[in-house]
Amino acid sequence: MAIADVKSYAHLSSADVVKFGAELDAVRKEIESTLGERDARYIRRVIALQRMCEVAARIALIVGRNRYTWALSTGMLAFAKIVENMEIGHNVMHGQWDWMNDPEIHSSTWEWDHSMPSSQWKEAHNYRHHVYANVLGMDPDEGYGLLRVARDRSWRPYHLGNPVYLVPISILYEFGMCIYHLEIGKVLAGKKDRAEFDAKLAEISRKAGRQAVKDYVIFPALTGRRWRSTLTADLTASVIRNVWEQVVTFCGHFPDGAENFTKRDLENETHGEWYLRQFLGSANFDAGQALAFMAGNLCYQIEHHLYPDLPSNRLREISHHVRKIARRYDLPYTTGSLPHQYLSVLRVIVTLALPDNFGGSLAGPDQPRSSVTVRPEGVRTSENTVRSAIGAAAGRVSKMTSTPVSSSRRSR
């Protein structure tokens, strides 16, 4: 959606939204009815591959004697960490494989190779993020408590550091997830229970401590005199994993076309409207099978948000159905190349580092990301446009609508 163009969904009636939801429900039923051994075999093979790569990397770090072996080992280790976190851990903890009834590959038992405890991740991600996707003040992933990624978020002087903050957020992404989930600001303001905060902090400290000892003490010690080389390899692999996760995640939520919403959009939200909000609040990027695998299949972020508990290996298939449904209802299916989507994210982050009057000038005719309102009648309104209309219409809010253009590349 190009917010500056005041696009809306007035062409969708309440009946259309109900039908839209029913068609997406039908896709779910079709996929669920065909889940079976092929899918179970897929996840078991992925887990086996990931473990073999990590073991091979560890052995190579022990026996290796030159920088080429070190580079290969580090690459394999980074690959293993990425696959474990994104294609395995993230998806298993979403419950995508619970239907197998395998206690070793189940959302209730899986503990991933990550500093954030799985129990806290499931609360922050599966519940708060996915249920309240892109709702300002409800979705903890919306700016991670630091970045300004929506014009409706009031500008403060510290937002000038938006582009600077992105660097440590990327490098230390796994720790950043732990910090923003703790909501330290709310604790200091007395809006969150201190005892609950202390309990969560203690759990994170224990988990992060175990991870640090494993990666940066035990494994380096196992390589004897080559401990420095192993320590460097572990640090490098972790940074590669963190940066890649940040890139994939941001491309799914912050590029042109991924919309924000307000708390009042949740009032009396119907099943179909929930689907519509998930669809509009997400973005994909184009990927072949290899890139999709490395991204945990989150290049299909739209499909993942519509069906977070359906197996990741089915998202490509699901995307064909979703594209057809989007065309039938004249809805924009937001996607683009990975570089294009990430450059779009960077433009938003840089532009919104400035006050609105400067940011608007920098952005040119296409204003950066703002929130929109989805109403039961299908009417969607740009909140920034509403504010400007208040003054022009002597305090009367004017709902301005137009039919959306089905394009994958849109400005905020």
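So what's segment 199-326 giving for Rg/Rh, alpha carbon basis, Kirkwood Rh from the mean inverse pair distance?
1.12
For segment 222-239, just list the computed ³J(HN,Hα) in residue order, Karplus coefficients 6.51, -1.76 and 1.60, θ = phi - 60°, integers in Hz, with x standing in for Gly and Pro.
Values per residue, Gly and Pro as x: 5, 9, x, 5, 8, 4, 5, 5, 5, 4, 5, 4, 5, 5, 5, 4, 5, 5 Hz.
Find how much the distance from A221 to L266 grows on full extension, using 0.36 nm per residue of separation minus their present alpha carbon separation; answer in nm with one decimal.
Answer, rounded to one decimal: 10.9 nm.
Order T236, T223 by their accessible area, 1.4 angstrom probe, all chains in place, largest first. Let's see the in-between values first.
Numbers: T236 45, T223 15 Å².
Ranking T236, T223 by accessible area, largest first, yields T236, T223.
What nm distance separates the two modelled labels at F358 and R228, each placed 7 Å from Cα along Cα→Cβ?
Here the answer is 4.4 nm between the modelled labels.
Label 7 Å along Cα→Cβ of E32; segment 243-273 residues with amide nitrogen under 17 Å?
Counting backbone N atoms under 17 Å from the label point, the list is 271-272.
Percent of accessible area on segment 166-236 owned by carbon and sulfur, 1.4 Å probe?
67
So who's got an amide H within less than 5 Å of the one on V135, skipping anything under 5 residues away but keeping other chains? H placed 1.01 Å off N, in plane.
Amide H to amide H, under 5 Å and 5 or more residues apart or across chains, V135 pairs with F261.
Carbon and sulfur together cover what percent of the accessible area of segment 22-140 at a 1.4 Å probe radius?
60
Under a crude label model (7 Å from the Cα following the beta-carbon direction), how far is W99 from I184 in nanometres?
The two pseudo-label positions are separated by 4.2 nm.
Using heavy-atom solvent-accessible surface (probe 1.4 Å) with all chains present, what is the largest-first order of C299, C53?
The ranking, largest first, comes out as C53, C299.
Quick one: what are the phi-derived ³J(HN,Hα) couplings along segment 62-77, Karplus 6.51/-1.76/1.60 with θ = phi - 60°, whole Hz, x for glycine and proline?
Calculated HN-Hα couplings, in order: 7, 9, x, 10, 9, 5, 5, 5, 4, 5, 5, 5, 5, x, 5, 5 Hz.
How long is the gain from T69 to V167 if the chain were fully straight, where each residue apart is worth 0.36 nm and the alpha carbon distance is subtracted?
Between T69 and V167, full extension yields an extra 32.4 nm.
Give me, ordered by chain and number, the residues 5 or more places off T334 or on other chains with an amide H under 5 Å from its own placed amide H.
N284
Rounded to the nearest percent, how much of the accessible area of segment 246-299 (1.4 Å probe, protein heavy atoms only) is carbon and sulfur?
Here it works out to 52 percent.
Evaluate E = 1/(1 + (r/R0)^6) for S108 and R327, where r is the Cβ-Cβ distance and R0 equals 30 Å; express this FRET efficiency to the nearest 0.05.
0.20
Which residues in segment 29-45 have a backbone N closer than 11 Å to a point placed 7 Å from the Cα of E317 along the Cα-to-Cβ line?
30-40
Between Y127 and A290, what is 0.36 nm times their sequence separation minus the Cα-Cα distance? Round to one decimal in nm.
Fully extending the segment from Y127 to A290 adds 55.8 nm.
For a quick protection proxy, order the peptides 301-308, 101-108 by their average other-Cβ count within 10 Å, most packed first.
The most tightly packed comes first, giving 301-308, 101-108.
Could you state how much accessible area D98 has, in square angstrom rounded to the nearest 10, with a 1.4 Å probe and all protein chains kept in place?
40
Give me the accessible area per residue for segment 41-82, probe 1.4 Å, as a whole number in Å². Provide the component values of the computation, followed by the final result.
Details: 2360 Å² over 42 residues.
I get 56 Å² per residue for this part.
Out of residues 5 or more away from G281 or on other chains, whose amide H comes under 5 Å of its own, with H placed 1.01 Å from N in the peptide plane?
Correct list: E259.
The values are calculated or read from the model by the stated rules, or taken from the named source; none is laboratory data. In this text the structure is predicted, and so the values were computed from the model without any measurement. Note that each Cβ is placed from the backbone with ideal geometry, even for glycine, and that neighbours are counted across all protein chains shown. To get the accessible areas, we keep the full protein, side chains included, count just its heavy atoms, and leave off ligands, DNA and RNA. Shrake-Rupley method; radii C 1.70, N 1.55, O 1.52, S 1.80 Å.
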